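Contents: one structure, followed by commentary.
Rule-based calculations on the coordinates, nothing more; no lab input. Here the structure is a predicted model, which means the values were calculated and not measured. Cβ sites come from the backbone with ideal geometry, for glycine too, and all protein chains shown count toward neighbours.
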Amino acid sequence: TTIKQKELFGHPVGLYVLFFTEMWERFSFYGMKALLIFYLTKYHLFSDIDGNLLIGSYAALVYAIPVVGGFIADKYLGFRKAIIFGGIMLVLGHAGMAYEGNAATESLNGEITRDNFALQIFYLSLAFIILGVGFLKANISSLVGELYNEGDKRRDSGFTIFYMGINLGSFLATIICVWLGETYGWSYGFGAAGVGMFFGLLTFVFGKKHFLGKGESNELELLNKKTIGIKNEWLIYILSVLSTLIVWQMVQSHSVVQNLLIVAGAISFIYIVYYAVTQLNKIARERLMALTILIVFTVIFWALFEQAYTSLNLFADRILDRGNIAAGTFLSLNALFIILLAPVFAWLWVKLGKYNPNTAVKFSLALMLVGLGFGSLVMGINASEMGKVAIYWLVITYFLHTCGELCLSPVGLSAVTKLSPAKIVGFMMGVWFLATASSEFIASILANIASVDTTNGTAPDLNLAKQSYLKLFEYLFYTGLGFGALLLILSPVIKKLMHGVDKELNN
Ligand code: GLN
């Protein structure tokens, strides 16, 4: 017998608990991320290159650890416990970010003195955030999937609603944290992020009854057993807290992160192949293959899209004719467009009926749209002649990028929960985010194409800076269109590999 789920607006009440938990989690995550490049370049006087690379390493780790978090949840903790643990780590990490120390100073001969203690606290806080997201992000998405039974038609719209929660958090953060950071100082912006995460944790803990037992561990006996006198469950927590020490060091080394990504990618790939060959029948195997191919293409999408927090953020600061509007505020456009357009897209897919493009075609549209978004900036720079670039070009960019995101991201999350075998959903959700991790890393290297020399405190020459952004944006324009076309060509094959799941996905 199944317990009748309590519903609200046609969805299980648990969905709204997850909506608000993830809203606060993303509030803290994006509030902090929006301030990050300016905190590094303006407060600690990092060069563009070092700032971009640090963000690349951080963001790569933030999205790579969910593979481990997903795996641990599948095998031991269950989603609910993993999410609570992640939430606690996040609150601690964001609290640490509120410590700001002293600004770096630059002497007349260009020598920079930095507050190294403050920087180490900062890196350690990042490590806590990385572990926290690692335990929370993929698992909360998987738990959304658990709320619906197999074949439940509401699943896609459930993910769309959840995705709006993500972006409501991001929207509020890029307005509130950016404003607090600009007006009152870094620690207020970062601190607000931490307060938000605390609300998220409370929401989740008090919403427990609405999950109706979903997301619990299947291995309670194992968790309660003791190893070296400590309950296994606690052993997992203790080892995870200790691993922040390793991550603390890793985040400071770009090359270590790079190697980690290569190794993690290779191991995940081998595990998927091994699992597919030994555990699955032909149909399940081919579905997993389709999912894996789609995931590979998301790497390119996010590498372009994630310019937002590095090159586009700096571009807005330096090149955009933005008057008194803080550069970080423009990041809220993406979230705003998602909130406005997500229901439109959800409606559109249904409305298109049998003309509804299949998932692979949607992904290829996403790639082309993200490319076109950079086309807008290329035109904007060319149209600006000797002056700054008008705001609306960037608005168009975020509009197109958001349309692309809506063709790929919510559809993708839903696809993961349907195309992967039930036993490895948590892990595959982790792999989905591992793809983003690689993108973040690649994105930071790409962003460096447009790095501008700001040493000696001199403002960069506007026209020289414009040329370097132009070079980057042209390159990204062609990349998006090219890979989009490639995926379009492959789409019939991928559709076949999905064996009908695709049809269900689009309903
Ligand atoms: N913006 C979305 C989120 O924060 C997607 C992130 C991603 O998968 N790269 O969840």
Shape call, region 239-360: gyration tensor on alpha carbons, a/c limit 1.5 | oblate
When a/c is below 1.5 the answer is rounded, else prolate if a/b is larger than b/c, else oblate, so apply that to region 166-312 with a ≥ b ≥ c taken from the square roots of the Cα gyration tensor eigenvalues.
-> oblate
Label-point separation (nm) for Asp453 and Glu221, each offset 7 Å from Cα along Cα-to-Cβ?
-> 6.8 nm
Prolate/oblate/rounded call for region 170-245, Cα gyration tensor, a/c under 1.5 rounded | oblate
hull vol. (C-alpha, convex hull) per residue for the chain, Å³ -> 146 Å³
Enter the Cα centre distance for the pair region 284-321 and region 188-210, rounded to the nearest angstrom.
-> 27 Å
Distance between Cα centroids, region 436-453 to region 14-54: provide it in whole Å.
-> 16 Å
Determine the sum of side-chain charges near Leu45: Lys and Arg each +1, Asp and Glu each -1, restricted to other residues whose C-beta is under 12 angstrom from that of Leu45.
-> -3
Straight distance only, please: which lysines reach the Cα of Lys388 with their own Cα at less than 20 Å, same-chain residues fewer than 8 apart left out?
-> Lys466, Lys471
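As an exercise, use a Förster radius of 25 Å and the Cβ-Cβ distance of Phe206 and Val350 to find the FRET efficiency, rounded to the nearest 0.05.
With a Förster radius of 25 Å, E is 0.15.
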Provide the net charge surrounding Tyr163, with neighbours chosen by a C-beta distance below 15 Å and charges set as Lys +1, Arg +1, Asp -1, Glu -1.
-> +1
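Beyond 30 Å between alpha-carbons counts as too far, so tell me which of Lys33/Lys226; Lys214/Lys496; Lys225/Lys423 fall in that bin.
Violating the 30 Å limit, Cα to Cα: Lys33/Lys226; Lys214/Lys496.
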Run down the aspartates and glutamates and flag those whose C-alpha is under 18 Å from the C-alpha of Lys362, throwing out any fewer than 8 positions away in its chain.
-> Asp156, Glu405, Asp502, Glu504
If we count every other residue with Cβ under 14 angstrom of Leu304's Cβ, Lys/Arg +1 and Asp/Glu -1, where does the sum land?
-> -4
Stretched out fully, how many nm does the piece from Ala103 to Leu340 gain, at 0.36 nm a residue minus the Cα gap?
-> 81.4 nm
Inter-part distance where region 141-178 and region 336-362 are each reduced to a Cα centre, Å | 15 Å
Length gained when the stretch Tyr478-Gln279 is fully extended (0.36 nm per residue, less Cα-Cα span) = 67.6 nm
Between Val395 and Val256, the two model label points (7 Å from Cα along the beta-carbon direction) sit apart by a distance in nm of 4.5 nm
Residue separation times 0.36 nm, minus the C-alpha to C-alpha distance between Thr329 and Gln467: what's the value?
-> 47.3 nm
